[in-house]
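The next block holds one structure in the form of structure tokens; read it before the comments.
The values are calculated or read from the model by the stated rules, or taken from the named source; none is laboratory data. This structure is a prediction, so every number in the text was calculated from the model and none was measured. All Cβ positions, even for glycine, are placed from backbone atoms using ideal geometry, and neighbour counts span all protein chains on display. Protein only, heavy atoms only, side chains kept; ligands, DNA and RNA dropped before computing areas. Shrake-Rupley method; radii C 1.70, N 1.55, O 1.52, S 1.80 Å.
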Amino acid sequence: MSRILAYVGYTGNVEYRIVRGNGNIRKNIGKYKGASRVFPHIVLTDQDRYPCPPALLNDWQIGVLPAGMLFRIATHEAEAWLLADRQGIAEFFNTIAEKIPSAPETLTDPKQTVFSIVRKTRKRRLIEEMVPQPGAHIGPLYNERMCEFIVKRWSITNAVENSPCLARNIARISTFLRGYLS
């Protein structure tokens, strides 16, 4: 989110808390709504296994949001947005861009695509750190490596070309910040 905020030109203070897993976001949505009456909140979650964003909104009982809150959903998983920077992710995983899907938002499980790409890298350490062992959801350093990619390599400019969902979210976040903070 901090990269997206910088990309849209937001230069204000950002106080944020990383919440791992949309289960925690769902559990605390009421708190975020309340707090957004005082300080603006942008909540971003994955669509995950929901068939469409309205299904998630309905199941989570999001309802009417306060003016100071923006709730956004990444198509399926945020990894689709990262895969959308085909050149950057290819370089990070030591492969060629042609091996990265050109339409990552059409993938049912972008995280599994990331695992497939990583499994084929010659960087043994990345495989050990990112690919889950039996019984695990992700590798032991999966989040850390993906954050490293986001901070050091992810080109949002390149990603929006292959991710209409990312482009829409960036436009909406930009509008929210201009309207709420102006």
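Values computed for the structure shown
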| quantity | calculated |
| --- | --- |
| Candidates ASP48, ASP109, filtered to the one that is at pLDDT 90 or above and acidic (Asp, Glu) | ASP109 |
| Scope the stretch 56-81; condition open to solvent by 30 Å² or more (accessible area, probe 1.4 Å) and among the small types (Gly, Ala, Ser); matching residues | GLY63, ALA67, ALA78 |
| Selection status of ILE4, free of Cβ contacts under 8 Å to residues at least 60 places away in the same chain, more than 30 Å from ARG124 (Cβ to Cβ), among the β-branched types (Val, Ile, Thr) and in a helix (DSSP H, G or I) | no |
| Scan of the stretch 142-162 for residues that are open to solvent by less than 60 Å² (accessible area, probe 1.4 Å) and within 19 Å of ASN94 (Cα to Cα), ordered by number | TYR142, ASN143, ARG145, MET146, GLU148, PHE149, ILE150, TRP154, SER155, ALA159 |
| Leading residue by the ranking (nearest to GLU128 (Cα to Cα)) among those in the stretch 144-182 that are under 14 Å from the mean Cα position of the chain (by Cα) and aromatic (Phe, Trp, Tyr) | PHE149 |
| Hits in the stretch 82-118 - residues which are surrounded by 14 or more Cβ atoms within 10 Å (Cβ to Cβ), among the charged types (D, E, K, R) and farther than 16 Å from PRO132 by Cβ | ASP85, ARG86, GLU91, GLU105 |
